[in-house]
Amino acid sequence: EAHAPVTRAGRIVGGTKTTITQWPWQTAIAFRPSVAAGNGFQRQFCGGTLVTPTFVVTAAHCFYRNGGFPSADQYSVITGRTNLSSSAGQEIDFDSYFVPVDALGNPLFNPDAFEFDFVIVRLSVPSVSSTIQIAGPDERATWAAGQPAFVTGWGDTAEGGGAFPDALRIGRVAIADDLACADSYAAVGTTVRPDTMLCAGRFGGGVDTCQGDSGGPMVVPVSGGGFRLVGDTSFGIGCARPEFPGVYGRLADDSLRAIIGDFILSQTGIDVIGSGARPVTLTMITQGPKKMTTKRKARFVFEASEPASTFRCRLDHRRERPCASPFLVRVHPGKHKLRITAVNPLGERGQPALRRWRVLGR
Ligand code: ARG
């Protein structure tokens with residue numbers, strides 16, 4: 001490979017261990033015990049998201065093979081389980097799965113380009129786990145480029161690592177700009193279409209979904225608490241490479257959202273589309289000290305994504321206190337960190353920004 005992946009051992013790639021309690025809508029897609037041997041860990045092959053007690057959204061490419069979609073009778077969904085090898089939660093058979101089709105009845109999923117990489121699974125009995133709503137038309141700002149997002153799954157912890165964790169893992173990424181993502185992929189001959197795909201990653205790489213995470217959720221935090229579903233893990237070039245964010249099914253945009261929303265509404269009467277949620281406020285530090293400096297005085301300039309926000313600053317292990325931009329600190333030689341958190345006009349804390357620097361000298 002041309003690029004060595006930036007990875008640290010034991011992650012989604014670059015993530016950390018988490019539990020199903022934190023992300024209760026996360027499911028594992030597995031072969032039924034009657035089809036494959038072993039426990040849930042051995043039979044799992046994709047992730048999925050519970051959007052109602054009986055409906056799961058996952059990726060079409062998880063099932064597609066030999067030019068078509070196999071019958072539902074070999075698959076199951078595991079809910080309420082952190083460690084796949086355990087018997088916690090429920091394992092529920094697929095009742096059926098719905099592959100969205102065009103006017104002629106042909107699957108919208110395109111196995112060459114991975115457009116419309118989603119299917120809707122109906123469970124044979126309801127899951128008792130909590131569900132998540134898809135971001136609605138008035139909630140687009142929650143998944144605008146630059147907003148934080150979380151990806152979860154039991155996928156590989158390193159590109160080509162074959163290191164599949166038993167426990168659920170979480171990675172923090174940011175929604176990527178559509179054009180920038182399409183450009184990166186165009187350079188290697190892959191078309192990323194912003195009508196059906198949404199990219200997310202980290203500047204500099206290092207955090208991403210990977211093989212085995214497919215179909216699983218990408219969610220965004222919303223102001224005042226809670227999350228919305230905006231994507232399902234679809235593909236990438238390697239995993240966590242700096243120049244290639246992960247590509248997700250664009251579940252929260254008009255075409256995919258309408259298909260999912262209308263289908264489930266017609267089947268159950270349940271509306272799986274969210275409304276009224278606002279984006280979390282971002283804190284952005286635009287100026288600060290050099291990473292290594294001899295200067296004891298540091299000047300920080302920062303702003304919030306939401307107008308009329310106020311700020312709270314925490315220097316090293318001191319108490320957090322109100323602050324404003326520009327913010328001046330004077331510190332002793334050594335390692336320091338400043339955490340700045342924007343607070344919106346409603347008093348809701350935003351995503352903090354953190355800066356670490358080191359003052360040389362004695
Ligand atoms: N296609 C993979 C799967 O089936 C998911 C790959 C995601 N890759 C990435 N770099 N984000 O599990």
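For the range 266-307, backbone nitrogen atoms closer than 17 Å to the point 7 Å from ARG330 Cα along Cα-to-C-beta are found at 294-300. A Gaussian network model of the chain, with springs between Cα atoms under 10 Å, assigns the largest mean-square fluctuation among ASP232, ASP156, ASP316 to ASP316. About its Cα centre, the dipole of the range 149-191 is roughly 160 debye, where the only charges are +1 on Lys and Arg Cβ and -1 on Asp and Glu Cβ.
Within the range 225-358, what percent of beta bridges assigned by DSSP are antiparallel, to the nearest 5?
Bridges in the range 225-358 that DSSP calls antiparallel: roughly 95 percent.
Compared with the direct C-alpha span, the chain from ARG319 to VAL128 gains 64.6 nm at full extension, assuming 0.36 nm per residue.
With K and R counted +1 and D and E -1, the other residues having a Cβ less than 11 Å from that of GLY261 yield a net charge of -2.
In summary, the lysines within cross-link reach of LYS295, defined as a Cα separation below 28 angstrom excluding same-chain residues under 8 places away, comprise LYS335, LYS337. Using a ≥ b ≥ c from the Cα gyration tensor of the chain (square roots of the eigenvalues), is it rounded, prolate or oblate, where a/c under 1.5 gives rounded and otherwise the larger of a/b and b/c decides, a/b for prolate? Because a/c hits 1.5 or more and a/b exceeds b/c, the chain counts as prolate. With each label modelled as a point 7 angstrom along the Cα→C-beta vector, the ARG278-LYS17 pair spans 3.8 nm.
Given R₀ = 22 Å, FRET efficiency for VAL101-SER266 by Cβ-Cβ distance, to 0.05?
That gives a FRET efficiency of 0.90.
About its Cα centre, the dipole of the range 177-307 is roughly 1120 debye, where the only charges are +1 on Lys and Arg Cβ and -1 on Asp and Glu Cβ. Which of the three applies to the range 190-314, rounded, prolate or oblate, going by the alpha-carbon gyration tensor with a ≥ b ≥ c and a/c under 1.5 meaning rounded? Judged from the Cα gyration tensor, the range 190-314 comes out oblate (a/c at least 1.5, b/c at or above a/b). Summing Cβ point charges (Lys, Arg +1; Asp, Glu -1) relative to the Cα centre of the range 219-277 gives a dipole of roughly 160 debye.
Each of the GluC sites (Glu not before Pro) that DSSP puts in a loop and that has at most 13 other Cβ atoms within 10 Å breaks the chain; the longest unbroken stretch is 2-319. What the phi angles of the range 297-303 give under the Karplus curve with 6.51, -1.76 and 1.60, with θ = phi - 60°, is a coupling list of 8, 10, 10, 10, 10, 8, 8 Hz, glycine and proline written as x.
Coordinate-derived values only; no laboratory data. A quick note: this is a predicted structure, and the numbers were derived from the prediction, not measured. Cβ sites come from the backbone with ideal geometry, for glycine too, and all protein chains shown count toward neighbours.
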